[in-house]
């Protein structure tokens, strides 16, 4: 038994290094996508202190809007632009209808409000676009399809072009967000709001404007995640469940850290793939579902604030 | 149907469901005799891809009978959907909402929902029709007089798949030393055939590799398929549902798994295969009925329901494999009601009557022709002891645009499945202390 747990997996890794590379690549790609979803949570949490439970359904809603508009005859790129408009309108609506009336309410109230938002978006999405799964318009958006097989380490590593595109797009988005946060006036305002709502208000920063911007940004991130996940499988409400994989990423990376979301996503992605592939068969498989939470909880024991989260110090 | 109509319709049916427990037995709006058929469906959530076409097929067939014939035997069918989202808890809520309204039967459309209903059926006197799903052992009518799962059990289906593989290899003995992978939804449904699969592996000498997929990871299967790459199974068998199916087919194409060695139980739809692109060509699954609209029954549905705007089916989707599966399911419902009417002389029948009616199902070639189903499916005869029929299934292959039948009917391996099913039924009774001995009368000869 001990051999199977501590020795055999590593013997397998050494024996078939191509499969190890493949597992690492698959894990990295999943991790990048988890990170994208987690990024949406982080952005909103930083700016408004709200844990946005609706981030998962925003991924589905954005992708569904894009594909739904295309199915209604709107050209792909126009559908993409219109989806961005829809996500902006959603951000405005959330700020006006959900956040503004609940300002100064306890965090738990805002959190529960995002539950309500989740079910509203599920119902609204199904009402407008139907519950049928839809195929992502990968080719129409110019995203690559197909596979690149690389002969290496005595075997083959298959790199899906869409996965490569996902990694590149996610990296660009993260870099753009980093620049946006660090170098722009709005970015500085966002950071100010994240540090202290009251202090930000006192220097004339519009909280409402910031909330709209940050929810819209989270919507854009959700759209990117939805396109990529949708291209790997299909656009359906099952994506919402996948999106919840971002929770252990947040636990691991910290709720307020953009780099934490990225690193956390990669650790969870790679960890669950390696775990399922090498250790899963020991218990009949299917450990991927809970392994991510196990990894996150293990980290939590040592760093309760997450890898990059801010240490919470409160005066008593 | 406009959005507002949909909203109002949903609100009305939701209110009806909520009030259901307090309302009396269902009657037709005109006060005449009616039979209440609740349909547990899922048009929303992660499993809607499979649930929607089935719901449409079930509803449209019954609506066609209402439109064309005024119902069954002069009594309208009151059709009411209850949305379960393929969630066992919601399914049981649906059951509680309808059970006091004299439903003639329930159709759970989920193995997970079916299992807890099995002990309740006898108490509430409501037959459960779990058509080709649910507990395989419940085909034994002497032990489970209220449960019906025609025309095949999951174990029958598995035996057909094993036989198909053996036929390709040149005989059952050729399975010795082979490796067969099993990818499945890690839930009641997907786990159901495992005991039978293990028995086959033991008896026939092949190695079985399991690849469970949790509902939360249906769209995230790269680990399982990397495992397939490592283990190199000679054949892959799938019992999937909802988003699991299209993702699995896509992943199989991604690792270049030979699609003609990838065989599923009867649930993948055209959309599931289509979404994987050209690489899905050759993918196989079981079926036991026709695909397409080239059958009188389908023409009648188009004429009396679809063309009148009474259907929710998207244009061109009628006739697809899961739509026709829903049609087949509702044909069984209607036959059960019709037989019950004949047996009792009543127009409005009860669950107890329909239980007898289901046991009297006898779909002869002549009867199938009368139903507009000539060539659509094989004859089927149920009885007091046999609630399944254990009919033959065939293999169909995805040609890139549609499923094409690629072989003749394959009968389940009754010699292998029968003893295991009998032992499972016995085991069920032993584990459920006080399980009642059959006291229901038997009408069929």
Point to revise | FRET efficiency, residue B:307 to residue B:352 (Cβ-Cβ, R0 51 Å, nearest 0.05) | key: 0.85
Review point. Taking the Cα-to-Cβ direction at residue A:294 and at residue A:209 and moving 7 Å from each Cα, how far apart do the two end points lie in nm?
Key: 5.0 nm
Check your understanding: Stokes-Einstein D for region B:65-159 at 37 °C, 0.692 mPa s, Kirkwood Rh over Cα pairs, in µm²/s?
Key -> 231 µm²/s
Practice item. With springs connecting C-alpha atoms under 10 Å apart, model chain A as a Gaussian network and identify which of A:250, A:300, A:190 has the largest mean-square fluctuation. Key: A:300
Exercise for review: Give the angle, between 0 and 90 degrees and rounded to the nearest 10, that separates the Cα long axis of helix B:244-254 from the longest principal axis of the Cα atoms of chain B.
Suggested key: 20 degrees
Check your understanding: Using 0.36 nm per residue, how much length does the chain from residue A:7 to residue A:100 gain when fully extended, once their Cα-Cα distance is taken away?
Key -> 27.8 nm
Check your understanding: Which residue fluctuates the most in chain B, going by a Gaussian network model with Cα springs under 10 Å, if the choices are B:261, B:355, B:229?
Key -> B:229
Revision key, fill the gap. Kirkwood Rh over alpha-carbon pairs of region A:146-207 plugged into Stokes-Einstein at 25 °C, 0.890 mPa s gives a D in µm²/s of 166 µm²/s
Exercise for review: Hey, for a label at residue B:167 modelled as a point 7 Å past Cα toward Cβ, could you say which residues of region B:398-417 have their backbone N under 14 Å away?
Suggested key: B:405-413
Review point. What residue among A:293, A:119, A:34 shows peak mean-square fluctuation when chain A is described by a Gaussian network model with Cα springs under 10 Å?
Key: A:119
Check your understanding: Counting pairs of alpha carbon atoms under 8 Å apart in space and at least six apart in sequence, what relative contact order in percent does region B:350-420 give?
Key -> 21 percent
Revision key, fill the gap. Binned at 10 Å starting from 0, the alpha-carbon pair-distance distribution of region A:174-316 in whole percents comes out as 10, 30, 34, 19, 6, 1
Study note, to complete from the structure: By the Cα gyration tensor axes a ≥ b ≥ c (a/c under 1.5 gives rounded; else a/b larger than b/c gives prolate, otherwise oblate), the shape of chain A is oblate
Review point. How far is it, in nm, from the label point at residue A:93 to the one at residue A:305 when both lie 7 Å from their Cα along the line to the Cβ?
Key: 3.8 nm
Point to revise | For region B:332-445, average projected area of the Cα convex hull in nm² | key: 10.4 nm²
Review point. With contacts defined as alpha carbon pairs under 8 Å and 6 or more residues apart, what's the relative contact order of chain B in percent?
Key: 19 percent
Check your understanding: Just for chain B, what percent of DSSP beta bridges are antiparallel, to the closest 5?
Key -> 30 percent
Exercise for review: Using every Cα-Cα pair within region A:53-170, state what percent have a distance larger than 17 Å.
Suggested key: 66 percent
Check your understanding: Cα atoms only, the protein assembly as shown: Rg and Dmax in Å?
Key -> 27.3, 89
Review point. After finding the eigenvalues of the alpha carbon gyration tensor for region B:162-288, what semi-axes result from the square roots of 5 times each, listed largest first in whole Å?
Key: 22, 16, 14
Practice item. Output the Cα-based Rg and Dmax of region A:1-40 in Å, rounding Rg to one decimal and Dmax to a whole number. Key: 14.2, 42
Check your understanding: Label residue B:432 and residue A:127 with points 7 Å out from Cα along Cα→Cβ: what is the distance between them in nm?
Key -> 4.1 nm
Revision key, fill the gap. Counting other chain Cβ atoms within 10 Å of each Cβ in B:44-51 and taking the mean gives 6
Exercise for review: Just need the relative contact order of chain A here, percent rounded to a whole number, with Cα pairs under 8 Å and 6+ apart.
Suggested key: 33 percent
Exercise for review: Express in % the proportion of alpha carbon pairs of region B:226-376 at distances exceeding 26 Å.
Suggested key: 44 percent
Review point. Using the Cα atoms as the points, what is the convex hull volume per residue of region A:1-84 in Å³?
Key: 177 Å³
Study note, to complete from the structure: One finds the C-alpha centres of region A:43-114 and region A:210-273 to be spaced, in Å, by 14 Å
Check your understanding: For chain B, what is the calculated [θ] at 222 nm in deg cm²/dmol (nearest 500), taking -39500 (n - 2.57) for each run of four or more DSSP H residues and dividing by its residue count?
Key -> -13000 deg cm²/dmol
Check your understanding: Name the residues of region B:143-186 whose amide N is less than 14 Å from a point 7 angstrom out from the Cα of residue B:232 along the C-beta direction?
Key -> B:178-180
Practice item. Quick one: work out the % antiparallel among DSSP beta bridges in the protein assembly as shown, nearest 5. Key: 40 percent
Revision key, fill the gap. Taking only the alpha-carbon positions of chain B as identical scatterers, the Debye log10 I(q)/I(0) at q = 0.07, 0.08 Å⁻¹ comes out as -0.32, -0.43
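Any read-out appearing in this document is the output of simple, stated calculations on the displayed coordinates, not a laboratory observation. Note that this is a predicted model, so its numbers are computed, not measured. With ideal geometry, Cβ positions are generated from the backbone for all residues, glycine too; neighbour counts draw on all protein chains shown.
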